[in-house]
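**Student:** Before anything else, here's the structure in question.
Please treat every number below as a calculation from the coordinates, not as lab data. Just so it is clear, the model here is predicted, and its values are computed rather than measured. Note: ideal-geometry Cβ built from the backbone for every residue, glycine included; neighbour counts use all protein chains shown.
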Ligand SMILES: [Zn+2]
Ligand SMILES: [Zn+2]
């Protein structure tokens, strides 16, 4: 019910990505606690655990108050809106905006107390809204956020389980996630790297026996795993990386994920000790580093050092940017000691950081179609793959219309994904896609059959369905707090139809 509502509401909007919701929180939670508080004389602990609920307008934190104001300027009262729909339009005024804060959840939800009382539907949302309110205050509470302490490299003999978040955390050596709230925080931080790791790893929960991997998909995944892992029985060590090709992951249309600090992405590498990764964030809204001369923190000595990034403290947090329409480009990221401009190499605004021997990150602020030619001839389905987090294929284009003046879907738009997917399919590399709700996944999958150069040109690798490593936190839309989605809720994958890859079957059969 809720998810159906989500579809309708989101479908009526230009693309909205939950990715953008996450950015300010990443900044907030990745600071050192002492840094967050150094400019004030307040004690480290600002809120106790029994004092996490505050109506937005009365929150002790300016960014929360600013968000409340943003919602009050955007969201229509649902009671006004429904009477507006049912009565003759000319006899009714436009729905009024939400001004009244529900005393139970603290969100501005209705135009008035009278309409709040009248609305029995609100009970469906109130508990989740309350939870989100408390989560947000918890992140700012100043308590020690043990759930963001990321573990060291895995012991060679210790197998990681990918059955669900809980066993993943346990077998991967995270400190215990003893509350639902900790789980929500940690899953939101880690959903991007662990979604990739969970799909690619030989112990992936996506298998042919649960029908998530097709026979064609098994071959593609086996090819990738032949590079990601070692031969059965051999120790999976850093030394085993010698002679193996680098695994390149092209993350297209990247936004919030491009502003995640490298030590969070390093967690992906630690799942594959014998692999060298090169991550490419490519998209018009990729976050680029701050100008030279602004190195804030040296590369940490230990790979799991959580004390990385960010210069501004909570008091200097920019005013709240509402999560509507085209999500904004994330703020500039920290510049590491080894960050270098790559504009001469790629011809677009870009940077490269050789973060550790196992991980290199490149970010390019460009449309993928404009840089594909630089990779086209070296792409190899054994070592290269694409990931697209909530690409919004099935959303109407903001820029392009068809002959009758109707907006094209983004998957068919010449200025958005139109030229890109045929390029990816021609490469035969696997293309992994996530969506933020069942309806979002369905909308994107349906759009495949409408796109020239895509319909009939691909095979399934992973069938559409839930993603074990989606974020467990509800992301709430400022334009309507009844709209709630979860980052990376679902996942699927395709690759171009290929004769070549079938000729390689003999090789593939070694691994399947
Ligand atoms: Zn109203
Ligand atoms: Zn409420």
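**Student:** So what's the projected area for the range 56-139, the Cα convex hull averaged over all directions, in nm²?
**Tutor:** Orientation-averaged projected area of the Cα hull: 5.6 nm².
**Student:** Could you list 178, 440, 119, 136 so that the one with the fewest beta carbons within 10 Å of its beta carbon is first and the one with the most is last?
**Tutor:** Least to most surrounded, the residues fall as 178, 119, 136, 440.
**Student:** Follow-up question, since we're still on this one. Can you tell me the Rg and Dmax of the range 201-259, counting just the alpha carbons, in angstroms?
**Tutor:** 14.4, 39
**Student:** Given the C-alpha atoms of the range 434-501, compute the convex hull and give its volume per residue in Å³.
**Tutor:** 98 Å³
**Student:** Further question on the same structure: Just to confirm my numbers, what's the Cα centroid distance between the range 382-404 and the range 425-444 in Å?
**Tutor:** A separation of 9 Å, based on Cα centres.
**Student:** Rank-order 160-173, 237-250 by packing density, defined as the average count of other C-beta atoms within 10 Å over each peptide's residues, highest first.
**Tutor:** Taking the mean over residues of other Cβ atoms within 10 Å, the ranking is 160-173, 237-250.
**Student:** Oh, and also: Along Cα→Cβ, 7 Å out, is where each label goes; now give me the distance between the ones at residue 126 and residue 398 in nm to one decimal.
**Tutor:** Rounded to a tenth, the inter-label distance reads 3.6 nm.
**Student:** Please express the shape of the range 223-289 as an equivalent ellipsoid: the semi-axes are the square roots of 5 times the eigenvalues of the C-alpha gyration tensor, given largest first in whole angstrom.
**Tutor:** 27, 12, 9
**Student:** What ranking do 277-289, 252-264, 393-405 get when scored by the average of other Cβ atoms within 10 Å per residue, highest first?
**Tutor:** Those peptides, ordered most packed to least, come out 252-264, 277-289, 393-405.
**Student:** For the range 56-139, calculate the relative contact order in percent as a whole number, restricting contacts to Cα pairs under 8 Å that are 6 or more residues apart.
**Tutor:** The value is 24 percent.
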